[in-house]
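*Asks:* Below you'll find the structure I mean.
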Amino acid sequence: MGQRSGRQARSKKLEVALSRTMEAEAEIQNKEEEAEELKAKDWKLTSVFGVADLKNGAIGLYNIGQSCCLNSVLQVFFMNTRFTGILRRITVPSHAGQQRRHVPYQMLLLLEEMQCGKQKAVSPVALASCLSIHRVKLFVQHDAAQLFLTLWNLIKRQMKKPELVEELSDLYTICVQEHLACQKCSSETKRNSNMLTLPLPVLDSNSHVLNTLEDCLQCFLRPEELTEHNMCFCEQCGRKTPFLQSMKLVHLPQTLTIHLKRFCFEKSAYIHKLSHCLPFPQDLDFNAVLTENQCQAGDSEKAAWKYEIFAVVAHSGSASCGHYCAYIRSLTECKWYCFNDSEVCEVSWDDVKCTYGHSSLHWGQTAYLLIYMKKRPQ
Ligand code: ZN
């Protein structure tokens, strides 16, 4: 266990910290916005739009300049009927200016247009310019995992009704318990934290390729020794000591987002993409994958950890230049679609499996985000 495993341990911490920082940042902006809104005296509460699910097949989104990433992430949100069920209950801001910068409202307008229009595709330009007010740049290639977090945090921040915020959090939030145990004395610290994605490594601590999603999960939850430069200060010992860092799953949400860390920073200054084949199952039962000490959950919680795949956000190309599309299973029609900007076509599970990746096809499609949904109890 040298520096490499330490680096991985740090990056795991960083992922969790990142989610938390974004929450804190959102909190501050939230307060600023609330103060702004109080100034608007004739603030009225209006609820609009009865039904906003996409019932008549699937509608594309035009690429308005490097927007394939945004389009793919949006389609995953819009095809999730539980999410749209929350979205259509938002409180609509009454001022035109507020409406322009209100992300959930702009998403709802776009969804309405997709549902009501007769076109094969619609333009997300109003939503994209709304996002640009919130520092989400236009005309640049985003990282789908990062954009999902940013969008989600913006939606949550701007949804005013506490019950909707709670429903949105319940729908997506993964709860974990982080353990840090001093290897010289018996002291141990535990901390609960929330995550929006499970950031799974696709290489093990020795930089060997992981061959299945189940192996990636195991690797993510494997305890890490923090030694040498990564030692932590132990209050009981009064000095820096080796620690064992581990993570246990406490709660898994209805919609579970897995982020395959295919963009690799190691060994060079440049980000490179890991394209090797990594199959993922249609059905994923966490009880069959995890050991007892990787969970911190009761029997009824664990009984619900049976998932089926709902969507795959796939990336093709290199780390610096690429393209995103989304494969999504329509929940109303039980059919798979490939959403490639304005082009939408029906596909089969075999087509979705093409996103497993291939080590000799660096420009081929590889799954980057996997979105699983809890199965209904039998
Ligand atoms: Zn100690």
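The values are calculated or read from the model by the stated rules, or taken from the named source; none is laboratory data. Note that the structure is a prediction, hence the values are computed from the model and not measured. Glycine gets a Cβ as well: all are built from the backbone with ideal geometry, and neighbour counts include every protein chain shown. What goes into the accessible areas is simple: the full protein's heavy atoms, side chains included, and nothing from ligands, DNA or RNA. Shrake-Rupley method; radii C 1.70, N 1.55, O 1.52, S 1.80 Å.
*Asks:* Just one of (1) among the acidic types (Asp, Glu); (2) assigned by TED's automatic domain parsing to the domain that holds GLY85; (3) under 27 Å from LEU260 (Cα atoms) trips up GLU163, so point out which.
*Replies:* If we test GLU163 against (1) among the acidic types (Asp, Glu); (2) assigned by TED's automatic domain parsing to the domain that holds GLY85; (3) under 27 Å from LEU260 (Cα atoms), just (3) comes out false.
*Asks:* Right, something else. Go over the candidates LYS302, LYS335, LYS306 one by one and state the one that is open to solvent by 10 Å² or more (accessible area, probe 1.4 Å) and more than 20 Å from ILE258 (Cβ to Cβ). Outline the logic, then answer.
*Replies:* Working: LYS302 fails: more than 20 Å from ILE258 (Cβ to Cβ); LYS306 fails: more than 20 Å from ILE258 (Cβ to Cβ).
Being open to solvent by 10 Å² or more (accessible area, probe 1.4 Å) and more than 20 Å from ILE258 (Cβ to Cβ) holds for just one of LYS302, LYS335, LYS306, which is LYS335.
*Asks:* Can you name the condition, by its number, that LYS248 falls short on among (1) of a type in the set (Lys, Arg); (2) open to solvent by 60 Å² or more (accessible area, probe 1.4 Å); (3) within 25 Å of ARG376 (Cα to Cα)?
*Replies:* For LYS248, the exception is condition (2).
*Asks:* When ALA288 is evaluated against the numbered criteria (1) over 30 Å from MET114 (Cβ atoms); (2) outside any loop (DSSP other than H, G, I, E, B); (3) open to solvent by less than 60 Å² (accessible area, probe 1.4 Å), which criterion, by number, is the only one it fails?
*Replies:* So the condition that ALA288 fails would be (3).
*Asks:* Can you name the residue in the stretch 342-378 that is free of Cβ contacts under 8 Å to residues at least 24 places away in the same chain and in a loop (DSSP other than H, G, I, E, B) and is also most open to solvent (accessible area, probe 1.4 Å) among such residues? Break it down stepwise before answering.
*Replies:* Within the stretch 342-378, the subset free of Cβ contacts under 8 Å to residues at least 24 places away in the same chain is 345-348, 350, 354, 360, 376, 378.
Now drop any that are not in a loop (DSSP other than H, G, I, E, B), which leaves 348, 360, 376, 378.
Values: SER348: 50, SER360: 81, ARG376: 187, GLN378: 212 Å².
Selected residue: GLN378.
*Asks:* So, of the residues in the stretch 220-239 that are part of a strand (DSSP E or B) and surrounded by 13 or more Cβ atoms within 10 Å (Cβ to Cβ), which turns out to be farthest from the ligand (Cβ to nearest atom)? Steps first, please.
*Replies:* First, the residues of the stretch 220-239 that are part of a strand (DSSP E or B): 224-226, 232-234, 239.
In the following step, the residues that additionally are surrounded by 13 or more Cβ atoms within 10 Å (Cβ to Cβ) were identified as 224-226, 232, 234.
Numbers: GLU224: 17, GLU225: 14, LEU226: 12, CYS232: 9, CYS234: 3 Å.
This residue is GLU224.
*Asks:* Looking only at the stretch 200-209, decide whether some residue is free of Cβ contacts under 8 Å to residues at least 24 places away in the same chain, open to solvent by 20 Å² or more (accessible area, probe 1.4 Å) and more than 16 Å from the ligand (Cβ to nearest atom).
*Replies:* Yes; the residues of the stretch 200-209 include at least one that is free of Cβ contacts under 8 Å to residues at least 24 places away in the same chain, open to solvent by 20 Å² or more (accessible area, probe 1.4 Å) and more than 16 Å from the ligand (Cβ to nearest atom).
*Asks:* In the stretch 104-156, which residues are basic (Lys, Arg) and free of Cβ contacts under 8 Å to residues at least 60 places away in the same chain?
*Replies:* Listed by number, the residues that qualify are LYS118, ARG135, LYS137.
*Asks:* For the stretch 318-330, name all the residues that are more than 19 Å from PHE148 (Cβ to Cβ) and either crowded, with 16+ Cβ neighbours inside 10 Å or among the basic types (Lys, Arg) (or both). Break it down stepwise before answering.
*Replies:* As a first pass, look at the stretch 318-330 and keep what is more than 19 Å from PHE148 (Cβ to Cβ): 318, 320-321, 330.
Result: SER330, single match.
*Asks:* Test of understanding: among LEU111, LEU151, LEU74, which residue is open to solvent by less than 10 Å² (accessible area, probe 1.4 Å) and over 24 Å from ALA367 (Cβ atoms)?
*Replies:* LEU111
*Asks:* Select from the stretch 202-246 the residues that are of a type in the set (Gly, Ala, Ser) and under 14 Å from CYS185 (Cα atoms) and list them in ascending order. Can you show your working first?
*Replies:* To start, the set of residues in the stretch 202-246 that are of a type in the set (Gly, Ala, Ser) comprises 205, 207, 238, 246.
Within the stretch 202-246, GLY238 is the sole residue that qualifies.
*Asks:* Also: Within the stretch 187-199, take every residue that is more than 16 Å from the ligand (Cβ to nearest atom) and in contact (Cβ under 8 Å) with a residue 40 or more places away in the chain and give me the one that is farthest from VAL76 (Cα to Cα).
*Replies:* Out of the qualifying residues, it is ASN192.
*Asks:* Something else: Name the pairs whose Cβ atoms lie under 6 Å apart, with the first residue in the stretch 282-310 and without any contact (Cβ under 8 Å) to a residue 24 or more places away in the chain, the second of a type in the set (Lys, Arg), and 6 or more positions between them or separate chains?
*Replies:* Close Cβ pairs (under 6 Å, with a partner that is of a type in the set (Lys, Arg)) amount to ASP285/LYS306; ASN287/LYS302.
Residue-wise test of (1) closer than 20 Å to ALA297 by Cα; (2) at pLDDT below 95; (3) in contact with a Leu (Cβ under 6 Å, 6 or more places away or on another chain).
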residue: HIS142; (1), (2), (3): no, yes, no
residue: PHE148; (1), (2), (3): no, no, no
residue: LEU151; (1), (2), (3): no, no, no
residue: GLN158; (1), (2), (3): no, no, no
residue: GLU166; (1), (2), (3): no, no, no
residue: THR189; (1), (2), (3): yes, yes, yes
residue: ASN192; (1), (2), (3): yes, no, no
residue: MET195; (1), (2), (3): yes, no, no
residue: ARG222; (1), (2), (3): yes, yes, no
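*Asks:* Could you list, in sequence order, all residues of the stretch 172-186 that are open to solvent by less than 30 Å² (accessible area, probe 1.4 Å) and within 16 Å of the ligand (Cβ to nearest atom)?
*Replies:* Within the stretch 172-186, HIS179, ALA181, CYS182 meet the criteria.
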